[in-house]
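The structure appears below as C-alpha coordinates.
The values are calculated or read from the model by the stated rules, or taken from the named source; none is laboratory data. As the structure is a prediction and not an experimental result, all values here were calculated from the model. Here the Cβ is made from the backbone with ideal geometry for all residues, glycine too, and neighbour counts use every protein chain on show.
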(Lines give C-alpha, C1' and ligand atoms only; values in the text may rest on other atoms or scores of the structure.)
Protein backbone atom coordinates (compact mmCIF):
# COMPACT_ATOMS: atom_id res chain seq x y z
CA UNK A 1 0.00 0.00 0.00
CA UNK A 2 2.69 2.48 1.09
CA UNK A 3 5.08 1.08 -1.56
CA UNK A 4 2.46 1.57 -4.27
CA UNK A 5 1.89 5.17 -3.14
CA UNK A 6 5.63 5.85 -3.21
CA UNK A 7 6.03 4.44 -6.73
CA UNK A 8 3.19 6.59 -8.06
CA UNK A 9 4.57 9.63 -6.24
CA UNK A 10 7.98 8.96 -7.83
CA UNK A 11 6.44 8.68 -11.30
CA UNK A 12 4.55 11.94 -10.74
CA UNK A 13 7.74 13.68 -9.63
CA UNK A 14 9.64 12.47 -12.72
CA UNK A 15 6.81 13.45 -15.04
CA UNK A 16 6.62 16.90 -13.42
CA UNK A 17 10.38 17.45 -13.65
CA UNK A 18 10.43 16.46 -17.33
CA UNK A 19 8.33 19.56 -17.96
CA UNK A 20 6.06 17.70 -20.40
CA UNK A 21 3.00 19.59 -19.22
CA UNK A 22 2.55 22.66 -17.08
CA UNK A 23 -0.65 21.06 -15.69
CA UNK A 24 1.47 18.52 -13.78
CA UNK A 25 4.13 20.28 -11.72
CA UNK A 26 6.61 18.14 -9.71
CA UNK A 27 5.06 16.59 -6.61
CA UNK A 28 7.72 18.01 -4.28
CA UNK A 29 6.88 21.56 -5.38
CA UNK A 30 3.17 20.90 -4.74
CA UNK A 31 3.96 19.83 -1.18
CA UNK A 32 6.12 22.91 -0.63
CA UNK A 33 3.28 25.06 -1.93
CA UNK A 34 0.90 23.28 0.42
CA UNK A 35 3.06 24.20 3.40
CA UNK A 36 3.06 27.75 2.09
CA UNK A 37 -0.69 28.28 1.54
CA UNK A 38 -2.16 26.31 4.45
CA UNK A 39 -1.08 28.85 7.11
CA UNK A 40 -2.36 31.88 5.12
CA UNK A 41 -5.39 33.88 6.21
CA UNK A 42 -7.07 33.33 2.84
CA UNK A 43 -6.86 29.58 3.32
CA UNK A 44 -8.03 29.78 6.93
CA UNK A 45 -11.01 31.86 5.92
CA UNK A 46 -11.91 29.50 3.10
CA UNK A 47 -11.58 26.55 5.46
CA UNK A 48 -13.80 28.06 8.14
CA UNK A 49 -16.49 29.13 5.68
CA UNK A 50 -16.44 25.65 4.12
CA UNK A 51 -16.52 23.94 7.50
CA UNK A 52 -19.50 26.05 8.51
CA UNK A 53 -21.45 25.21 5.35
CA UNK A 54 -20.51 21.55 5.73
CA UNK A 55 -21.55 21.32 9.38
CA UNK A 56 -24.75 23.31 9.00
CA UNK A 57 -25.75 21.32 5.90
CA UNK A 58 -25.10 18.03 7.67
CA UNK A 59 -27.01 19.11 10.76
CA UNK A 60 -30.03 20.00 8.63
CA UNK A 61 -29.74 16.74 6.67
CA UNK A 62 -29.57 14.72 9.92
CA UNK A 63 -32.29 16.68 11.69
CA UNK A 64 -34.68 16.21 8.77
CA UNK A 65 -33.41 12.93 7.34
CA UNK A 66 -33.35 10.75 10.47
CA UNK A 67 -36.90 11.50 11.65
CA UNK A 68 -38.17 11.18 8.08
CA UNK A 69 -36.43 7.81 7.66
CA UNK A 70 -37.72 6.55 11.03
CA UNK A 71 -41.24 7.67 10.08
CA UNK A 72 -41.00 5.91 6.70
CA UNK A 73 -39.79 2.75 8.44
CA UNK A 74 -42.82 2.73 10.75
CA UNK A 75 -45.59 4.10 8.55
CA UNK A 76 -46.56 2.38 5.32
CA UNK A 77 -48.37 5.53 4.23
CA UNK A 78 -45.34 7.79 4.72
CA UNK A 79 -43.20 5.18 3.00
CA UNK A 80 -45.43 5.12 -0.08
CA UNK A 81 -45.45 8.91 -0.24
CA UNK A 82 -41.69 9.49 0.11
CA UNK A 83 -39.82 6.37 -0.97
CA UNK A 84 -40.01 6.93 -4.77
CA UNK A 85 -38.59 10.43 -4.34
CA UNK A 86 -35.85 9.34 -1.98
CA UNK A 87 -34.78 6.58 -4.36
CA UNK A 88 -34.86 8.94 -7.31
CA UNK A 89 -32.74 11.60 -5.64
CA UNK A 90 -30.34 9.00 -4.27
CA UNK A 91 -29.22 8.03 -7.76
CA UNK A 92 -29.91 11.30 -9.59
CA UNK A 93 -27.03 13.48 -10.86
CA UNK A 94 -27.56 16.10 -8.17
CA UNK A 95 -24.95 18.47 -9.57
CA UNK A 96 -27.46 19.35 -12.26
CA UNK A 97 -29.82 20.61 -9.58
CA UNK A 98 -27.34 23.02 -8.02
CA UNK A 99 -28.09 25.79 -10.57
CA UNK A 100 -31.76 25.50 -9.55
CA UNK A 101 -30.81 25.97 -5.90
CA UNK A 102 -28.69 28.91 -7.00
CA UNK A 103 -31.70 30.54 -8.63
CA UNK A 104 -33.75 30.06 -5.48
CA UNK A 105 -31.20 30.96 -2.81
CA UNK A 106 -28.85 33.26 -4.72
CA UNK A 107 -25.08 33.24 -5.07
CA UNK A 108 -23.88 32.71 -1.54
CA UNK A 109 -23.46 30.56 1.53
CA UNK A 110 -27.15 29.54 1.69
CA UNK A 111 -26.91 27.88 -1.70
CA UNK A 112 -23.85 25.95 -0.58
CA UNK A 113 -25.55 24.80 2.64
CA UNK A 114 -28.57 23.65 0.64
CA UNK A 115 -26.30 21.82 -1.78
CA UNK A 116 -24.75 19.96 1.16
CA UNK A 117 -28.25 19.02 2.38
CA UNK A 118 -29.24 17.90 -1.10
CA UNK A 119 -26.23 15.60 -1.36
CA UNK A 120 -26.29 14.18 2.17
CA UNK A 121 -29.93 13.71 3.08
CA UNK A 122 -31.12 10.84 0.87
CA UNK A 123 -28.76 8.15 2.11
CA UNK A 124 -29.48 9.25 5.71
CA UNK A 125 -33.22 8.81 5.13
CA UNK A 126 -32.77 5.44 3.47
CA UNK A 127 -30.46 4.02 6.14
CA UNK A 128 -32.61 5.24 9.04
CA UNK A 129 -35.58 3.64 7.30
CA UNK A 130 -33.72 0.34 6.87
CA UNK A 131 -32.62 0.42 10.52
CA UNK A 132 -36.15 0.91 11.78
CA UNK A 133 -37.49 -1.84 9.54
CA UNK A 134 -34.92 -4.19 11.10
CA UNK A 135 -36.11 -3.64 14.66
CA UNK A 136 -37.24 -6.90 16.20
CA UNK A 137 -41.06 -6.95 16.25
CA UNK A 138 -41.09 -7.99 19.89
CA UNK A 139 -39.26 -4.80 20.88
CA UNK A 140 -42.01 -2.83 19.15
CA UNK A 141 -44.65 -4.93 20.96
CA UNK A 142 -42.77 -4.45 24.22
CA UNK A 143 -42.99 -0.68 23.88
CA UNK A 144 -46.70 -0.90 23.06
CA UNK A 145 -47.56 -3.34 25.84
CA UNK A 146 -45.87 -1.17 28.45
CA UNK A 147 -47.93 1.76 27.25
CA UNK A 148 -45.44 3.79 25.20
CA UNK A 149 -47.00 6.69 23.33
CA UNK A 150 -46.00 7.06 19.68
CA UNK A 151 -43.55 9.83 20.59
CA UNK A 152 -42.02 7.71 23.37
CA UNK A 153 -41.68 4.72 21.08
CA UNK A 154 -39.86 6.86 18.49
CA UNK A 155 -37.52 8.58 20.93
CA UNK A 156 -36.76 5.67 23.27
CA UNK A 157 -37.00 2.57 21.09
CA UNK A 158 -36.97 3.08 17.31
CA UNK A 159 -34.20 5.67 17.26
CA UNK A 160 -31.91 3.64 19.53
CA UNK A 161 -32.66 0.29 17.96
CA UNK A 162 -31.85 1.73 14.54
CA UNK A 163 -28.75 3.58 15.75
CA UNK A 164 -26.14 1.44 13.94
CA UNK A 165 -27.86 1.94 10.59
CA UNK A 166 -28.52 5.61 11.32
CA UNK A 167 -24.84 6.22 12.06
CA UNK A 168 -23.81 4.38 8.94
CA UNK A 169 -26.21 6.58 6.96
CA UNK A 170 -24.76 9.70 8.55
CA UNK A 171 -21.23 8.59 7.63
CA UNK A 172 -22.18 7.93 4.02
CA UNK A 173 -24.12 11.21 4.04
CA UNK A 174 -21.04 13.11 5.17
CA UNK A 175 -18.92 11.63 2.41
CA UNK A 176 -21.53 12.80 -0.07
CA UNK A 177 -21.67 16.14 1.75
CA UNK A 178 -17.97 16.68 1.03
CA UNK A 179 -18.81 16.42 -2.66
CA UNK A 180 -21.78 18.69 -2.11
CA UNK A 181 -19.86 21.45 -0.39
CA UNK A 182 -17.08 21.47 -3.01
CA UNK A 183 -19.41 21.24 -5.99
CA UNK A 184 -21.56 23.98 -4.49
CA UNK A 185 -18.54 26.22 -3.95
CA UNK A 186 -17.14 25.51 -7.42
CA UNK A 187 -20.43 26.39 -9.07
CA UNK A 188 -21.02 29.47 -6.93
CA UNK A 189 -17.24 30.15 -7.15
CA UNK A 190 -17.22 33.30 -5.04
CA UNK A 191 -16.94 31.74 -1.58
CA UNK A 192 -14.55 29.44 0.23
CA UNK A 193 -12.43 26.92 -1.62
CA UNK A 194 -14.50 27.44 -4.74
CA UNK A 195 -13.18 30.98 -4.92
CA UNK A 196 -9.59 29.76 -4.40
CA UNK A 197 -9.95 27.08 -7.08
CA UNK A 198 -11.38 29.64 -9.43
CA UNK A 199 -8.51 32.02 -8.61
CA UNK A 200 -5.76 29.42 -9.02
CA UNK A 201 -7.04 27.82 -12.20
CA UNK A 202 -7.82 31.12 -13.94
CA UNK A 203 -4.22 32.23 -13.29
CA UNK A 204 -2.76 28.82 -14.15
CA UNK A 205 -1.28 28.45 -10.65
CA UNK A 206 -1.18 24.67 -10.95
CA UNK A 207 1.00 24.06 -7.88
CA UNK A 208 -1.52 26.00 -5.75
CA UNK A 209 -4.38 24.18 -7.42
CA UNK A 210 -2.97 20.72 -6.70
CA UNK A 211 -1.91 21.66 -3.18
CA UNK A 212 -5.46 22.72 -2.37
CA UNK A 213 -6.88 19.56 -3.91
CA UNK A 214 -4.55 17.36 -1.85
CA UNK A 215 -5.59 19.12 1.34
CA UNK A 216 -9.24 18.51 0.56
CA UNK A 217 -8.59 14.84 -0.26
CA UNK A 218 -6.81 14.46 3.06
CA UNK A 219 -9.70 16.10 4.90
CA UNK A 220 -12.23 13.80 3.29
CA UNK A 221 -10.10 10.75 4.09
CA UNK A 222 -9.61 11.70 7.76
CA UNK A 223 -13.32 12.48 8.10
CA UNK A 224 -14.30 9.10 6.70
CA UNK A 225 -11.86 7.19 8.91
CA UNK A 226 -12.99 9.08 12.00
CA UNK A 227 -16.63 8.29 11.32
CA UNK A 228 -15.87 4.65 10.56
CA UNK A 229 -14.08 4.41 13.91
CA UNK A 230 -17.11 5.90 15.67
CA UNK A 231 -19.37 3.44 13.88
CA UNK A 232 -17.30 0.44 14.98
CA UNK A 233 -17.65 1.59 18.57
CA UNK A 234 -21.45 1.27 18.51
CA UNK A 235 -21.40 -1.92 16.46
CA UNK A 236 -21.93 -4.12 19.46
CA UNK A 237 -25.49 -2.87 19.57
CA UNK A 238 -26.00 -4.38 16.16
CA UNK A 239 -24.38 -7.62 17.27
CA UNK A 240 -26.57 -7.79 20.36
CA UNK A 241 -29.76 -7.50 18.34
CA UNK A 242 -31.54 -10.42 16.77
CA UNK B 1 -58.79 -39.87 36.79
CA UNK B 2 -56.78 -39.42 39.97
CA UNK B 3 -55.03 -36.16 40.69
CA UNK B 4 -56.91 -34.15 38.11
CA UNK B 5 -60.49 -33.08 37.74
CA UNK B 6 -62.21 -31.20 34.97
CA UNK B 7 -63.49 -27.67 35.40
CA UNK B 8 -65.99 -26.92 38.13
CA UNK B 9 -64.17 -28.18 41.18
CA UNK B 10 -64.68 -27.95 44.89
CA UNK B 11 -61.97 -25.40 45.82
CA UNK B 12 -63.69 -22.04 46.36
CA UNK B 13 -63.42 -20.54 42.90
CA UNK B 14 -62.19 -16.93 42.90
CA UNK B 15 -63.81 -14.49 40.52
CA UNK B 16 -62.48 -14.56 36.98
CA UNK B 17 -59.89 -11.83 36.38
CA UNK B 18 -59.62 -12.49 32.64
CA UNK B 19 -62.69 -13.55 30.70
CA UNK B 20 -62.31 -14.62 27.09
CA UNK B 21 -65.73 -14.47 25.44
CA UNK B 22 -66.25 -16.35 22.14
CA UNK B 23 -63.04 -15.00 20.62
CA UNK B 24 -62.18 -15.86 17.02
CA UNK B 25 -59.18 -14.69 15.07
CA UNK B 26 -58.68 -14.82 11.32
CA UNK B 27 -55.42 -13.34 10.07
CA UNK B 28 -55.24 -11.28 6.88
CA UNK B 29 -54.83 -13.88 4.19
CA UNK B 30 -57.43 -16.18 5.71
CA UNK B 31 -55.47 -18.19 8.28
CA UNK B 32 -57.88 -19.12 11.05
CA UNK B 33 -55.99 -19.08 14.34
CA UNK B 34 -58.80 -19.17 16.90
CA UNK B 35 -62.35 -20.41 16.55
CA UNK B 36 -64.90 -19.38 19.18
CA UNK B 37 -62.71 -19.65 22.27
CA UNK B 38 -64.17 -18.96 25.72
CA UNK B 39 -62.07 -19.26 28.88
CA UNK B 40 -62.18 -17.86 32.41
CA UNK B 41 -58.93 -17.19 34.20
CA UNK B 42 -59.41 -16.97 37.96
CA UNK B 43 -57.88 -14.16 39.99
CA UNK B 44 -54.65 -14.89 41.80
CA UNK B 45 -54.12 -18.16 39.94
CA UNK B 46 -51.88 -19.30 37.15
CA UNK B 47 -53.73 -20.40 34.04
CA UNK B 48 -51.79 -22.08 31.28
CA UNK B 49 -52.66 -22.24 27.60
CA UNK B 50 -51.22 -25.53 26.41
CA UNK B 51 -51.25 -26.94 22.92
CA UNK B 52 -49.22 -28.08 19.95
CA UNK B 53 -46.96 -25.58 18.16
CA UNK B 54 -48.84 -23.15 15.95
CA UNK B 55 -52.18 -23.77 17.67
CA UNK B 56 -52.87 -20.09 18.26
CA UNK B 57 -52.13 -19.95 21.97
CA UNK B 58 -49.70 -17.06 21.55
CA UNK B 59 -52.29 -15.35 19.34
CA UNK B 60 -54.82 -15.63 22.18
CA UNK B 61 -52.28 -14.27 24.67
CA UNK B 62 -51.57 -11.27 22.42
CA UNK B 63 -55.30 -10.63 22.06
CA UNK B 64 -55.59 -10.60 25.86
CA UNK B 65 -52.59 -8.24 25.95
CA UNK B 66 -54.33 -5.92 23.48
CA UNK B 67 -51.48 -6.28 21.00
CA UNK B 68 -53.71 -7.97 18.43
CA UNK B 69 -57.38 -7.27 17.72
CA UNK B 70 -59.81 -10.18 17.84
CA UNK B 71 -61.84 -10.82 14.69
CA UNK B 72 -64.91 -11.65 16.79
CA UNK B 73 -65.76 -11.86 20.46
CA UNK B 74 -64.25 -9.92 23.33
CA UNK B 75 -61.88 -10.16 26.25
CA UNK B 76 -62.68 -8.68 29.65
CA UNK B 77 -59.91 -7.96 32.14
CA UNK B 78 -61.12 -7.12 35.63
CA UNK B 79 -64.57 -6.61 34.13
CA UNK B 80 -63.51 -4.10 31.47
CA UNK B 81 -63.29 -4.93 27.76
CA UNK B 82 -59.80 -4.92 26.24
CA UNK B 83 -59.29 -2.36 23.47
CA UNK B 84 -55.49 -2.15 23.60
CA UNK B 85 -52.59 -2.56 26.00
CA UNK B 86 -53.29 -1.30 29.50
CA UNK B 87 -51.49 -0.76 32.81
CA UNK B 88 -53.32 -3.65 34.51
CA UNK B 89 -51.55 -6.12 32.20
CA UNK B 90 -47.84 -6.77 31.72
CA UNK B 91 -46.22 -9.02 29.13
CA UNK B 92 -43.21 -11.32 29.34
CA UNK B 93 -41.81 -12.05 25.89
CA UNK B 94 -40.55 -15.32 24.51
CA UNK B 95 -37.40 -13.65 23.13
CA UNK B 96 -37.08 -11.36 26.20
CA UNK B 97 -37.44 -8.12 24.18
CA UNK B 98 -34.82 -6.27 26.20
CA UNK B 99 -33.26 -3.02 25.04
CA UNK B 100 -29.63 -3.91 24.26
CA UNK B 101 -28.52 -0.30 24.70
CA UNK B 102 -29.84 -0.11 28.27
CA UNK B 103 -28.55 -1.79 31.42
CA UNK B 104 -30.59 -4.17 33.60
CA UNK B 105 -31.75 -1.39 35.90
CA UNK B 106 -33.13 0.75 33.08
CA UNK B 107 -34.69 -2.25 31.33
CA UNK B 108 -36.52 -3.28 34.50
CA UNK B 109 -37.59 0.29 35.23
CA UNK B 110 -38.68 0.92 31.62
CA UNK B 111 -42.42 0.42 32.21
CA UNK B 112 -42.31 2.97 35.02
CA UNK B 113 -40.11 5.29 32.94
CA UNK B 114 -42.82 5.34 30.26
CA UNK B 115 -45.37 6.28 32.92
CA UNK B 116 -43.27 9.25 33.97
CA UNK B 117 -42.32 7.93 37.42
CA UNK B 118 -39.37 9.92 38.84
CA UNK B 119 -35.97 8.31 38.36
CA UNK B 120 -35.08 7.65 42.01
CA UNK B 121 -38.51 6.18 42.69
CA UNK B 122 -38.62 3.89 39.66
CA UNK B 123 -35.06 2.72 40.23
CA UNK B 124 -35.88 1.82 43.83
CA UNK B 125 -38.81 -0.31 42.60
CA UNK B 126 -36.67 -1.88 39.86
CA UNK B 127 -33.94 -2.61 42.39
CA UNK B 128 -36.41 -4.51 44.56
CA UNK B 129 -37.62 -6.71 41.70
CA UNK B 130 -34.11 -7.29 40.40
CA UNK B 131 -33.39 -8.82 43.80
CA UNK B 132 -36.69 -10.70 43.82
CA UNK B 133 -35.82 -12.51 40.58
CA UNK B 134 -32.31 -13.27 41.86
CA UNK B 135 -30.31 -10.79 39.79
CA UNK B 136 -28.98 -8.64 42.64
CA UNK B 137 -25.57 -7.24 41.68
CA UNK B 138 -26.33 -7.20 37.94
CA UNK B 139 -28.09 -3.81 37.90
CA UNK B 140 -25.40 -2.21 35.73
CA UNK B 141 -24.89 -5.18 33.39
CA UNK B 142 -26.05 -4.99 29.78
CA UNK B 143 -28.25 -7.71 28.26
CA UNK B 144 -25.55 -9.01 25.92
CA UNK B 145 -23.44 -9.90 28.97
CA UNK B 146 -26.23 -12.06 30.47
CA UNK B 147 -27.23 -15.66 29.76
CA UNK B 148 -30.63 -16.47 28.28
CA UNK B 149 -32.03 -17.44 31.67
CA UNK B 150 -30.81 -14.22 33.25
CA UNK B 151 -32.24 -12.15 30.40
CA UNK B 152 -35.63 -13.70 30.96
CA UNK B 153 -35.37 -12.88 34.67
CA UNK B 154 -34.89 -9.26 33.58
CA UNK B 155 -38.01 -9.58 31.41
CA UNK B 156 -39.94 -10.99 34.37
CA UNK B 157 -38.68 -8.28 36.74
CA UNK B 158 -39.73 -5.62 34.21
CA UNK B 159 -43.25 -7.08 34.08
CA UNK B 160 -43.46 -7.32 37.88
CA UNK B 161 -42.16 -3.78 38.39
CA UNK B 162 -45.20 -2.11 36.80
CA UNK B 163 -47.39 -3.80 39.42
CA UNK B 164 -49.95 -5.09 36.92
CA UNK B 165 -52.79 -7.32 38.09
CA UNK B 166 -52.30 -9.74 35.22
CA UNK B 167 -48.99 -11.11 33.98
CA UNK B 168 -49.03 -12.54 30.49
CA UNK B 169 -46.12 -14.88 29.80
CA UNK B 170 -45.46 -16.09 26.28
CA UNK B 171 -43.38 -19.30 26.44
CA UNK B 172 -40.97 -17.52 28.78
CA UNK B 173 -38.68 -20.51 29.21
CA UNK B 174 -38.59 -21.86 25.67
CA UNK B 175 -35.35 -20.04 24.79
CA UNK B 176 -33.67 -21.18 28.01
CA UNK B 177 -31.74 -24.42 28.57
CA UNK B 178 -33.25 -27.30 30.58
CA UNK B 179 -31.39 -26.88 33.90
CA UNK B 180 -31.99 -23.13 33.95
CA UNK B 181 -35.62 -23.72 33.07
CA UNK B 182 -36.19 -26.03 36.08
CA UNK B 183 -34.61 -23.56 38.46
CA UNK B 184 -36.59 -20.77 36.88
CA UNK B 185 -39.88 -22.70 37.24
CA UNK B 186 -39.20 -23.23 40.95
CA UNK B 187 -38.39 -19.55 41.40
CA UNK B 188 -41.54 -18.65 39.50
CA UNK B 189 -43.69 -20.70 41.90
CA UNK B 190 -42.08 -18.91 44.81
CA UNK B 191 -42.71 -15.53 43.19
CA UNK B 192 -46.33 -16.38 42.43
CA UNK B 193 -46.82 -17.31 46.07
CA UNK B 194 -45.56 -13.88 47.11
CA UNK B 195 -47.42 -11.80 44.50
CA UNK B 196 -51.20 -11.82 44.50
CA UNK B 197 -51.35 -11.61 40.74
CA UNK B 198 -53.13 -13.46 38.00
CA UNK B 199 -50.77 -15.25 35.65
CA UNK B 200 -51.53 -16.38 32.12
CA UNK B 201 -48.87 -18.66 30.82
CA UNK B 202 -48.33 -20.06 27.33
CA UNK B 203 -46.26 -23.19 26.83
CA UNK B 204 -46.01 -26.28 24.68
CA UNK B 205 -44.36 -28.28 27.47
CA UNK B 206 -46.80 -30.54 29.33
CA UNK B 207 -44.47 -31.01 32.30
CA UNK B 208 -43.97 -27.29 32.63
CA UNK B 209 -47.71 -26.65 32.43
CA UNK B 210 -48.53 -29.21 35.12
CA UNK B 211 -45.67 -28.04 37.31
CA UNK B 212 -46.65 -24.37 37.44
CA UNK B 213 -50.40 -24.21 36.74
CA UNK B 214 -53.56 -24.05 38.77
CA UNK B 215 -55.61 -24.42 35.63
CA UNK B 216 -54.56 -25.81 32.27
CA UNK B 217 -56.48 -25.00 29.11
CA UNK B 218 -55.79 -27.59 26.42
CA UNK B 219 -56.08 -26.14 22.94
CA UNK B 220 -56.56 -28.07 19.75
CA UNK B 221 -54.84 -27.64 16.44
CA UNK B 222 -55.62 -24.62 14.22
CA UNK B 223 -58.26 -23.26 14.04
CA UNK B 224 -57.87 -23.55 17.77
CA UNK B 225 -60.65 -24.37 20.21
CA UNK B 226 -60.59 -25.23 23.88
CA UNK B 227 -60.41 -29.02 23.93
CA UNK B 228 -60.53 -29.36 27.72
CA UNK B 229 -59.73 -27.63 30.99
CA UNK B 230 -57.77 -29.43 33.68
CA UNK B 231 -57.05 -28.32 37.22
CA UNK B 232 -54.13 -30.28 38.62
CA UNK B 233 -54.68 -31.04 42.28
CA UNK B 234 -51.10 -30.80 43.47
CA UNK B 235 -50.06 -29.19 46.74
CA UNK B 236 -47.67 -26.36 45.96
CA UNK B 237 -46.86 -25.12 49.41
CA UNK B 238 -44.18 -27.75 50.06
CA UNK B 239 -40.79 -28.38 48.58
CA UNK B 240 -40.70 -27.34 44.89
CA UNK B 241 -38.66 -30.43 44.02
CA UNK B 242 -41.26 -32.63 45.69
CA UNK B 243 -43.89 -31.64 43.13
CA UNK B 244 -42.04 -33.46 40.37
CA UNK B 245 -42.16 -36.69 42.38
CA UNK B 246 -45.79 -36.30 43.40
CA UNK B 247 -47.92 -39.10 41.83
CA UNK B 248 -50.66 -36.56 41.09
CA UNK B 249 -48.13 -34.55 39.02
CA UNK B 250 -47.09 -37.62 37.04
CA UNK B 251 -50.69 -38.75 36.49
CA UNK B 252 -51.77 -35.33 35.27
CA UNK B 253 -48.88 -35.22 32.80
CA UNK B 254 -49.94 -38.62 31.50
CA UNK B 255 -53.62 -37.63 31.25
CA UNK B 256 -52.77 -34.51 29.25
CA UNK B 257 -50.46 -36.44 26.97
CA UNK B 258 -53.24 -38.93 26.22
CA UNK B 259 -55.52 -36.01 25.45
CA UNK B 260 -53.05 -34.22 23.20
CA UNK B 261 -51.77 -37.29 21.32
CA UNK B 262 -54.56 -37.08 18.77
CA UNK B 263 -53.20 -33.73 17.52
CA UNK B 264 -49.73 -35.08 16.90
CA UNK B 265 -49.13 -36.96 13.68
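Please verify whether residue A:177 is within 30 Å of residue B:86 (Cβ to Cβ) and in the same structural domain as residue A:98 (by TED's automatic domain parsing), treating the condition exactly as stated. So residue A:177 does not fit the description; no. So which of A:86, A:70 ends up being surrounded by 18 or more Cβ atoms within 10 Å (Cβ to Cβ), in the same structural domain as residue A:184 (by TED's automatic domain parsing), closer than 30 Å to residue B:65 by Cβ and touching a residue at least 12 places away in the same chain (Cβ under 8 Å)? Going through A:86, A:70 in turn, just one is surrounded by 18 or more Cβ atoms within 10 Å (Cβ to Cβ), in the same structural domain as residue A:184 (by TED's automatic domain parsing), closer than 30 Å to residue B:65 by Cβ and touching a residue at least 12 places away in the same chain (Cβ under 8 Å): A:70.
The single condition among (1) away from chain A (no Cβ under 11 Å); (2) under 14 Å from the mean Cα position of the chain (by Cα); (3) at positive phi that residue B:96 does not satisfy is (1).
For the stretch B:221-259, enumerate the residues that are surrounded by fewer than 18 Cβ atoms within 10 Å (Cβ to Cβ), in contact with a strand residue (DSSP E or B) (Cβ under 8 Å, 6 or more places away or on another chain) and assigned to a helix (DSSP H, G or I). Answer for the stretch B:221-259, where residues must be surrounded by fewer than 18 Cβ atoms within 10 Å (Cβ to Cβ), in contact with a strand residue (DSSP E or B) (Cβ under 8 Å, 6 or more places away or on another chain) and assigned to a helix (DSSP H, G or I): B:248, B:259.
Being on the phi < 0 side of the Ramachandran plot, more than 24 Å from the chain's Cα centre (by Cα) and more than 13 Å from chain B (Cβ to nearest Cβ) is the requirement here; does residue A:200 meet it? Yes: the conditions hold for residue A:200.
Against the test of being over 14 Å from residue B:45 (Cβ atoms) and in contact (Cβ under 8 Å) with a residue 40 or more places away in the chain, the options B:147, B:213, B:228 yield a single qualifying residue, B:228. Scanning the stretch B:169-183 for residues that are under 13 Å from the mean Cα position of the chain (by Cα) and without any contact (Cβ under 8 Å) to a residue 60 or more places away in the chain returns a single hit, B:173.
Results for (1) away from every other protein chain (no Cβ under 14 Å); (2) at pLDDT 80 or above; (3) touching a helix residue (DSSP H, G or I) at 6+ places or on another chain (Cβ under 9 Å); (4) over 24 Å from residue A:142 (Cα atoms), shown as yes or no for each residue.
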position: B:161; (1), (2), (3), (4): no, yes, yes, no
position: B:171; (1), (2), (3), (4): no, yes, yes, no
position: B:178; (1), (2), (3), (4): yes, no, no, yes
position: B:183; (1), (2), (3), (4): yes, yes, yes, yes
position: B:187; (1), (2), (3), (4): yes, yes, yes, no
position: B:200; (1), (2), (3), (4): no, yes, yes, no
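Just one of the listed residues (A:27, A:56) is in contact (Cβ under 8 Å) with a residue 60 or more places away in the chain, in contact with a helix residue (DSSP H, G or I) (Cβ under 6 Å, 6 or more places away or on another chain) and surrounded by 13 or more Cβ atoms within 10 Å (Cβ to Cβ), and it is A:56. The residue that is nearest to residue A:97 (Cα to Cα), counting only those in the stretch A:196-208 that are surrounded by 18 or more Cβ atoms within 10 Å (Cβ to Cβ) and in contact with a helix residue (DSSP H, G or I) (Cβ under 7 Å, 6 or more places away or on another chain), is A:197.
Scanning the stretch B:63-91 for residues that are over 13 Å from residue A:146 (Cα atoms) and either within 12 Å of chain A (Cβ to nearest Cβ) or in a loop (DSSP other than H, G, I, E, B) (or both) returns B:64, B:68, B:69, B:70, B:71, B:78, B:79, B:82, B:83.
Could you check how many residues of the stretch A:196-221 are under 23 Å from residue A:93 (Cα atoms) and either touching a strand residue (DSSP E or B) at 6+ places or on another chain (Cβ under 8 Å) or in contact (Cβ under 8 Å) with a residue 24 or more places away in the chain (or both)? Number of matching residues: 2. Restricting attention to the stretch B:34-58 and to residues that are surrounded by fewer than 24 Cβ atoms within 10 Å (Cβ to Cβ) and under 14 Å from residue B:224 (Cβ atoms), the residue that is nearest to the other protein chains (Cβ to nearest Cβ) turns out to be B:58. For residue A:190, the requirement of being outside any helix (DSSP H, G or I), surrounded by fewer than 19 Cβ atoms within 10 Å (Cβ to Cβ), out of contact with any strand residue (DSSP E or B) (no Cβ under 7 Å at 6 or more places or on another chain) and away from chain B (no Cβ under 14 Å) is met. Here residue B:152 fulfils each of the conditions (1) over 19 Å from residue A:144 (Cβ atoms); (2) free of Cβ contacts under 8 Å to residues at least 60 places away in the same chain; (3) crowded, with 17+ Cβ neighbours inside 10 Å; (4) away from chain A (no Cβ under 11 Å) apart from (2).
Go through B:188, B:218 for me and flag whichever is part of a strand (DSSP E or B) and surrounded by 20 or more Cβ atoms within 10 Å (Cβ to Cβ). Among B:188, B:218, only B:218 is part of a strand (DSSP E or B) and surrounded by 20 or more Cβ atoms within 10 Å (Cβ to Cβ). In the set A:152, A:109, only one residue is out of contact with any strand residue (DSSP E or B) (no Cβ under 7 Å at 6 or more places or on another chain), surrounded by fewer than 24 Cβ atoms within 10 Å (Cβ to Cβ) and at pLDDT below 90; that residue is A:109. Within the stretch B:99-120, can one find any residue that is modelled with pLDDT under 95, in contact with a strand residue (DSSP E or B) (Cβ under 8 Å, 6 or more places away or on another chain), part of a loop (DSSP other than H, G, I, E, B) and more than 12 Å from chain A (Cβ to nearest Cβ)? So far as the stretch B:99-120 goes, no, none of its residues is modelled with pLDDT under 95, in contact with a strand residue (DSSP E or B) (Cβ under 8 Å, 6 or more places away or on another chain), part of a loop (DSSP other than H, G, I, E, B) and more than 12 Å from chain A (Cβ to nearest Cβ).
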